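The values are calculated or read from the model by the stated rules, or taken from the named source; none is laboratory data. Only a predicted model underlies this, so the values are computations on that prediction, with no experimental measurement involved. Glycine gets a Cβ as well: all are built from the backbone with ideal geometry, and neighbour counts include every protein chain shown.
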Amino acid sequence: MLNLSVLTEPGFCPHSLNKYASVMACGNGYIGIRATHEEDYTQQTRGMYLAGLYHRAGRNETNELVNLPDVTGIEIELDGANFTLLAGEIRHWQRELNFANGELRRSVLWRSPAGQQYRIESRRFVSLDQLPLVAMQLSVTPVDASAEIVFKTGIDATQTNSGRQHLDEVSVRVFDPHYVQGIYETQDRASEVAISASCRLTMSDSSSCFSAKNRRITAHHSVTVLQGDTVTLEKLVWIAHRSDKALSQESFARNALAELKSCAARGYGSLLEQSASAWETIWRDSRVAVASAEPSDQLALDYAVWHLTAMTPAHDERSSIAAKGLTGEGYKGHVFWDTEIFLLPFHLFTRPQIARNLLRYRWLNLPGAREKARSHGWSGALFPWESAASGQEETPEFAAINIRTGLRQKVASALAEHHIVADIAWAVVAYWQATHDDDFMRNEGLTLLMETASFWMARATEINGRLEIHDVIGPDEYTEHVNNNAYTNYMAWHNVASAHQFMAMFERDDAHFTQKASHFLARLWLPEIDEQGVLPQDDSFMTKPAIDLSRYKAKAGKQTILLDYSRAEVNEMQILKQADVVMLNYLLPERFTPQQCAASLAFYEPRTIHDSSLSKAIHGIVSARCGDMQSAYAFWRDGIAIDLGDDPHSCDDGIHAAATGAIWSGVIQGFAGLQIVEGELHLAPRLPSHWTRLAFPLRWRNATMQITFDMGVLTIDTSAPVTLTLWGKTVTATGRQVWPYEDFLTSVNGTATTEVSDGA
Ligand code: BGC
């Protein structure tokens, strides 16, 4: 038994409706549904999204993830009064998301303003087994007397993305007593969605009718329920999506309805069971288990795996992962470097096929990236800083308007945040190293490496005989338009070196490319460690003044520095939004010694506000690698708090997907010490002082391993022999083997006096 966690919402609070709608969202990589309540609240933002379904609503807009017609809303009338938790009294409250079976449940005992008590229970899940299926149940039990109960629910296409409407209603229909269907089309006619719903009451002596008005199709059910009896409304929804129009619209709609009918024949319980067994497989393949004195450590890890699964379109290589997953409209559902650097590692080491899909998404979008490079006068592929379905640049040209000046600040990332090109190449290399998938490398991988490398070779400028990369933004977005950002230069070098190396390995002949690559590698300027032992972030960083950032750090994530200083002023000071050199230390561990990494942490951390959710976890991993487990754990916990902490508005417009990936990475790459060094697997578990055990599954090449580090003893159960480096010493694991950490102590210090056998 895995004993999975349950995420609870402690009470009903109008201020945190949207936070919990995000963190308790359900999804299966195809659809994501915010955990909004059935009844309406003005502050509550409903949201249902389909991976890859983007549309542009107007001239000055970019493509955004479409917020679909709502199916979760149910108007509940109890003895003539609308059920709302803003009135009356909540006498009992329980709301939880059960990670084991994927069910979101709420149980409320409510006393109406008229003094009558009702027990209201709701359950919902998004099927992991049948991707287009959403199932709900809502039950009401009148406690004090019999009651007249009315439910109104259906499909509500008045839903918008903050007022922007993307869909035309093509048709709405009612079929026999239980089914409704709406067909919607994006306004550019590129995609169609058929939403079919069945609504049934458990009590037969109810009366029902339908209405269709103003983009809402609604089933109305009225029933008299005796005191203590329970009426249950079961609603099943099938959400079909298509962008190719091979079938007629009638057949598309008819097939969707037939699918729904076959689910309706099975009912909620059996559908839930089947979805739960699909979740069981996910947990078996990716659950990280810890024994910690702090129980919420385990909760955070289960939460992370839940969302990493719910946000990832494992079924479709044409879509990737949005910065907020499928839980909200933040960043318009766009895809950033977050995917390759923060989310891909989880998949790579648990279900590598998904990592391959994510890279194929970039490969399929190469035409857009080539076009972007070409339009700026460069060769190769310049991947968009933000992308959606097509691979074209989707970064909005301007940030929010300054309402005092009426001016809009240009967003520079699309113009200069070019490191995403090397980040994608880094992920291609990591994928091959962890899988040895030669087919992928020979086809998509090498093309990606060569195109990205070509970009860097064109992008660099020759200055006095050396190549430099000018006018970029590194990961630290508070420092714009600088020359020779260390992160960018080292990653670009790694990108070109990898293209060069894999071309040789896979015998891809291109003498011109090889010659250019050798020239680039010999001449690209790689910033050097200065007299203080620190790698300068860029050419000008070290000449800028530093200021005390403590009050801004105390409000990390809120960008409060921009209330006191303009962006231009921030640019001229030593102020980092997020990890930059430290990020480089994390990604290319073989390039830097632990002393150099420790020096970066000591120098850059006080200068980093951590205003991006991509920052703290990386500091945590690098701290762990430097042996500072206390700081590593503190950073890891701060990373968890980004969405799971007390701030009621931290994730109103969706969870922070990258920070969620970093919860997994912080433990596996931090505390378990997983690194790929020179293409080989390294592990060096060292746990926070109040953890006694860490266990997790790990995929590496053809092996599926279960790794357990318990009271200082490492056990590896592997399906195939694996050669790996444990605490600095190379061993081969076969079958089930046990290694006490003690045996490695001397070798870790450099003088191996203990012979560690390749077995226990
Ligand atoms: C960060 C970027 C990140 C983006 C999306 C920004 O605030 O600075 O690094 O890619 O958010 O998560």
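Quick notes on this structure:
- Boolean, S319 is in contact (Cβ under 8 Å) with a residue 24 or more places away in the chain and in contact with a Lys or Arg (Cβ under 9 Å, 6 or more places away or on another chain): no
- Elements of type strands (runs of 3 or more DSSP E) in the range 585-700, at least 3 residues being of a type outside the set (A, V, I, L, M, F, W, C) and at pLDDT 95 or above: 691-700
- Taking every residue in the range 604-630 that is of a type outside the set (S, T, Y) and pairing it with any residue that is more than 16 Å from the ligand (Cβ to nearest atom) and part of a strand (DSSP E or B), at least 6 positions away or on another chain, the pairs with Cβ-Cβ distances below 9 Å are R625/Q675.
- First in the range 279-295 and charged (D, E, K, R), second anywhere and surrounded by 15 or more Cβ atoms within 10 Å (Cβ to Cβ), Cβ under 7 Å, 6 or more apart: D285/T350; D285/R351; D285/P697; R287/V305
- Scope the range 58-97; condition under 21 Å from G330 (Cα atoms), surrounded by 20 or more Cβ atoms within 10 Å (Cβ to Cβ) and either in contact with a helix residue (DSSP H, G or I) (Cβ under 8 Å, 6 or more places away or on another chain) or of a type in the set (F, W, Y) (or both); matching residues: N63, E64, L65
- Close pairs from the range 562-583: first over 15 Å from L601 (Cβ atoms), partner of a type in the set (F, W, Y) and within 16 Å of the ligand (Cβ to nearest atom), Cβ under 7 Å, at least 6 apart: V570/Y478; N571/Y478; I575/Y478; K577/Y478
- All positions within the range 581-620 that are within 16 Å of the ligand (Cβ to nearest atom), of a type outside the set (S, T, N, Q) and closer than 27 Å to L681 by Cβ: V581, V582, M583, L584, Y586, L587, L614, K616, A617, I618, H619
- Pairs meeting the criteria (first residue in the range 477-493 and touching a residue at least 24 places away in the same chain (Cβ under 8 Å) and over 19 Å from I463 (Cα atoms), second residue within 16 Å of the ligand (Cβ to nearest atom) and basic (K, R), beta carbons under 9 Å, at least 6 apart or on different chains) are E477/K577; Y478/R567; Y478/K577; T479/K577; E480/R567.
- Within the range 675-686, being among the charged types (D, E, K, R) and either surrounded by 17 or more Cβ atoms within 10 Å (Cβ to Cβ) or free of Cβ contacts under 8 Å to residues at least 24 places away in the same chain (or both) holds for one residue alone: R686.
- If you check A662, A672 for being within 16 Å of the ligand (Cβ to nearest atom) and either in contact with a Leu (Cβ under 9 Å, 6 or more places away or on another chain) or in contact (Cβ under 8 Å) with a residue 60 or more places away in the chain (or both), only one passes: A662.
- Residue within the range 98-106 that is within 30 Å of T395 (Cβ to Cβ), modelled with pLDDT of 95 or more and crowded, with 17+ Cβ neighbours inside 10 Å present: no
- Unique match (being among the hydroxyl-bearing types (S, T, Y) and under 30 Å from L698 (Cβ atoms)) among T395, T327: T327
- Sole exception among (1) within 23 Å of M542 (Cα to Cα); (2) in contact with a His (Cβ under 6 Å, 6 or more places away or on another chain) for A517, by number: (1)
- Of all the listed residues (R189, R173), the sole one being part of a strand (DSSP E or B) and either charged (D, E, K, R) or touching a Ser or Thr at 6+ places or on another chain (Cβ under 8 Å) (or both) is R173.
- With respect to being away from the ligand (no atom under 16 Å from the Cβ) and of a type outside the set (S, T, Y), D646 fits the description.
- Qualifying residues in the range 621-631 (those that are of a type in the set (G, A, S) and surrounded by fewer than 24 Cβ atoms within 10 Å (Cβ to Cβ)) - the one farthest from the ligand (Cβ to nearest atom): G627
Rundown of residues vs (1) modelled with pLDDT of 95 or more; (2) under 27 Å from the mean Cα position of the chain (by Cα); (3) away from the ligand (no atom under 16 Å from the Cβ), yes/no style:
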residue: G406; (1), (2), (3): no, no, yes
residue: E417; (1), (2), (3): yes, yes, no
residue: A430; (1), (2), (3): yes, yes, yes
residue: Q433; (1), (2), (3): yes, yes, yes
residue: D437; (1), (2), (3): yes, yes, yes
residue: E444; (1), (2), (3): yes, yes, yes
residue: S454; (1), (2), (3): yes, no, yes
residue: A458; (1), (2), (3): yes, no, yes
residue: E468; (1), (2), (3): yes, no, yes
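- Filtering the range 470-512 to residues that are in a loop (DSSP other than H, G, I, E, B) and either among the aliphatic types (A, V, I, L, M) or within 16 Å of the ligand (Cβ to nearest atom) (or both) leaves I473, G474, P475, D476, E477, Y478, T479, E480, H481, N485.
- Taken together, the residues in the range 48-107 that are in contact (Cβ under 8 Å) with a residue 40 or more places away in the chain and basic (K, R) amount to 3.
- Taking the range 323-375 as the range and being of a type in the set (K, R), away from the ligand (no atom under 16 Å from the Cβ) and over 16 Å from the mean Cα position of the chain (by Cα) as the test, the residues that pass are R356, R360, R370, K372, R374.
- Hits in the range 558-584 (condition: assigned to a loop (DSSP other than H, G, I, E, B) and over 11 Å from T608 (Cα atoms)): K558, Q559, T560, Y565, S566, E572, M573
- The set of residues from the range 372-385 being out of contact with any Phe, Trp or Tyr (no Cβ under 6 Å at 6 or more places or on another chain) and under 17 Å from Y361 (Cα atoms) comprises K372, F383, P384, W385.
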